[in-house]
1. Give the carbon-plus-sulfur fraction of the accessible surface of the chain in %, rounded to a whole number; probe 1.4 Å, heavy atoms of protein chains only.
2. Work out the FRET efficiency for residue 79 and residue 171 from their Cβ-Cβ distance, taking R0 = 25 Å, and round it to the nearest 0.05.
3. Between residue 161 and residue 300, what is 0.36 nm times their sequence separation minus the Cα-Cα distance? Round to one decimal in nm.
4. Which of 88, 13, 225 moves most in a GNM of the chain, Cα contacts under 10 Å?
5. To the nearest 0.05, how large is the calculated FRET efficiency for residue 108 and residue 208 if R₀ is 22 Å and r is the Cβ-Cβ distance?
6. With axes computed from alpha carbons, what is the tilt in degrees of helix 289-304 against the longest principal axis of the chain, rounded to the nearest 10 within 0 to 90?
7. Accessible area, 1.4 Å probe, largest first: how do 29, 59, 178 sort?
8. Tell me what the chain gives for mean residue ellipticity at 222 nm when only DSSP H runs of n ≥ 4 count, each as -39,500 (n - 2.57), the sum divided by the residue total, rounded to 500 deg cm²/dmol.
Amino acid sequence: MMRQGRFVAWGIGLAALVALPFVYREPYHLHILVLILIWSFAYTSWSMMGRFGLISLGHGGFMGIGAYVTALLWNHLGLSPWIGIPIGMVAAGALALIVGYPCFRFRITGHYFVLVTLALSGIVLQIITATRDYTGGSLGYTPNRASGNKLLALQFDDKTTWYLIALAVWLVGIVVWHLVDRSMSRYALEAISEDEDAAAAAGVDVTAEKLKITLISALMTALAGAIYCQYQMFITPDTVSGIAVSLQMVFAAIVGGLFVSLGPTVGAVITILLAETLRIGFGTRAVGWDNLVYGVLLVLFIIFLPKGILGSVLDRLKPQRKVPRAHEQEAVQIARPGT
């Protein structure tokens, strides 16, 4: 009964989200919703690893690869984003395997793994910035506007179209999250996060399981970067790559709720609205303030609300199991035969 109610709630919620752009057509608000959905997908991608203790600061690199590879292939080779996006995802996945395999094979974990991924993100950022003859460097890069088929170029001027695309991508992220959550890999990865040696002794292929979830996470993050690029039609190393983007993912996932499928979405609502509020309220004077606020809030949430906003709310809504009082326990013992 409870599961049926959950499905009904999801169905009503999705129907409302699909109908929204046809009822409410304010361009600016639709733009904000598109950004929230795209970044929600990116944050969900990071949480695929983060929830199992694999804290990565390299996802900014994966997102940058997805965005820049798609745009470069379109501008220089004329390859449609429908082809460029899968290529960008494969490139990000290959990099994740190249970096991840030696880390997992030689058990580089904890702080050392974080440092390796931090270096990866920084290297990708530096490569994009250094190859400015092709990528535009720190000045940014703009995919060429399509003169013909907009669908082939994945370029649309209508906010409603982009909202529906972003909604579909976001939904894919939620579905993948739940598929992993209900798979045997979840239990294997939870065992690994608790004790690698014990998990290996129980027959879990530690390296393979870690590589699997890392690959899924990298592919999804690259897709988020490509979709963001096609929507905004302008990217810079700071907006889709580098350490700041990775830290933003960590913040949003933890604050929203790392162990809940909709937690990263709550985090995206907070980050996007915070950035827009600072931009509108303070303009150029608030450049970089969002990262400062992210850092302060992250520390506070880790200390006082480690399950995040949505995780804590759901915990409070769960029915509490009644603990029997001492005399009730005695009565149960007396009522049991043979005791």
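1. Answer for the chain is 68 percent, counting heavy atoms of protein chains only.
2. Efficiency for this residue pair is about 0.40.
3. Full-extension gain reported as 46.2 nm.
4. 13
5. The formula returns an efficiency of 0.85 here.
6. Relative to the chain, helix 289-304 is tipped by roughly 10 degrees.
7. My answer, sorted largest first, is 29, 178, 59.
8. For the chain, the value works out to -25500 deg cm²/dmol.
The values are calculated or read from the model by the stated rules, or taken from the named source; none is laboratory data. Because the structure is a prediction, the values reported are computed rather than measured. Please note: Cβ atoms are built from the backbone with ideal geometry, for glycine as well, and neighbour counts cover all protein chains shown. These area figures cover heavy atoms from the full protein model, side chains too; ligands, DNA and RNA do not enter into them. Shrake-Rupley method; radii C 1.70, N 1.55, O 1.52, S 1.80 Å.
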